[in-house]
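To start, the structure under review is shown below, and the notes come after it.
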Amino acid sequence: NPTGGGYLPDLTGAKFTLAVHEINFEGVGTGGQRLNYDQIKGSPFWKEEYSIASLYTYDNLMLGKARVKMNFLTNEIYYLDKKDIELVIPVELISKLIIHPQGDTSKRLTLFRRSPSEFFVHEKPVEDFVQELNEGNLKLMKLTRRKIASADSLFGTKKRFFFTTDEYFFVGYNKSIHHVKKLSKENILNFVPSASGYDKWIAENKKKKKKEEDIIRFFNYYNQ
């Protein structure tokens, strides 16, 4: 049952591939080698556990509900089929996924969408899924990319491998989207209409070292 049971329908012609928990990394040994995720400190995933999500096509039609997790290293959506086999959903099938909190499909935890014609970083279209951090006309959005880095261990006996994270933020208002190079009050408010009228509210509700949360709180207030 694609609309309630948590499984995608049988998509004739769609090529689902098995999920792989390893990656090729050039800095291993004398050349390239496969590294298992278990050998790398940290995680490539948005969340380690699977979440129930509603999946939508590029025509904004709901394809079904499935148990998924986002891989920020490979920009893939992993999916558990009815036999609990981990598969990768072909990227050309999905433009949007709404993640539901603790399986409650009537509520939205967060949303990821892929729209290369709308998001640009360094003047290049973004092929990855971008997360919408709040709902409404004024939105804060985040692109997360994971990479692998290495360093010598304390005594130089072997290399340590770890995931690093790059984050890129966007402000969306109605249908315009702007890449924000630095997450600061000044940069963000440049893209908010009539922002100066909210200076008092912003000053009263600001918290130390919580820039992302502060902006989301302000955007939710603004949208109300």
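The values are calculated or read from the model by the stated rules, or taken from the named source; none is laboratory data. This one's a predicted model, so the numbers in the text were calculated from it and none came from an experiment. With ideal geometry, Cβ positions are generated from the backbone for all residues, glycine too; neighbour counts draw on all protein chains shown. Quick note on the areas: whole protein, heavy atoms, side chains included, nothing else; ligands and nucleic acids left out. Shrake-Rupley method; radii C 1.70, N 1.55, O 1.52, S 1.80 Å.
Summary table below
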{"quantity": "In the range 83-103, the residues that are touching a residue at least 40 places away in the same chain (Cβ under 8 Å) and not hydrophobic (A, V, I, L, M, F, W, C)", "calculated": "Glu86, Pro90, Lys96, His100, Gly103"}
{"quantity": "Some residue of the range 93-101 being more than 15 Å from the chain's Cα centre (by Cα), farther than 25 Å from Asn220 by Cβ and β-branched (Val, Ile, Thr)", "calculated": "no"}
{"quantity": "Count of residues meeting criterion [closer than 16 Å to Val121 by Cβ and in contact with a Phe, Trp or Tyr (Cβ under 7 Å, 6 or more places away or on another chain)] in the range 148-183", "calculated": "7"}
{"quantity": "Single residue of the range 22-50 satisfying the filter (assigned to a loop (DSSP other than H, G, I, E, B) and modelled with pLDDT under 85) that is nearest to the chain's Cα centre (by Cα)", "calculated": "Gly29"}
{"quantity": "Any hit, the range 127-135, residues being more than 16 Å from the chain's Cα centre (by Cα), closer than 26 Å to Asp166 by Cβ and either of a type in the set (Lys, Arg) or assigned to a loop (DSSP other than H, G, I, E, B) (or both)", "calculated": "no"}
{"quantity": "Qualifying residue in the range 101-116 (condition: farther than 21 Å from Arg67 by Cβ and open to solvent by 60 Å² or more (accessible area, probe 1.4 Å))", "calculated": "no"}
{"quantity": "Meets criteria (of a type outside the set (Ser, Thr, Tyr), in contact with a strand residue (DSSP E or B) (Cβ under 6 Å, 6 or more places away or on another chain) and outside any strand (DSSP E or B)) for Arg108", "calculated": "yes"}
{"quantity": "Near pairs, Cβ below 7 angstrom, 6+ apart or cross-chain, from the range 31-42 (under 13 Å from Arg160 (Cβ atoms)) to any residue that is at pLDDT below 80 and outside any loop (DSSP other than H, G, I, E, B)", "calculated": "Leu35/Phe25; Leu35/Val28"}
{"quantity": "Residue within the range 66-77 that is in contact (Cβ under 8 Å) with a residue 12 or more places away in the chain, open to solvent by 40 Å² or more (accessible area, probe 1.4 Å), assigned to a loop (DSSP other than H, G, I, E, B) and touching a Leu at 6+ places or on another chain (Cβ under 9 Å) present", "calculated": "no"}
{"quantity": "Check on Phe155, among the hydrophobic types (A, V, I, L, M, F, W, C), open to solvent by 100 Å² or more (accessible area, probe 1.4 Å), out of contact with any His (no Cβ under 8 Å at 6 or more places or on another chain) and closer than 30 Å to Tyr37 by Cα", "calculated": "yes"}
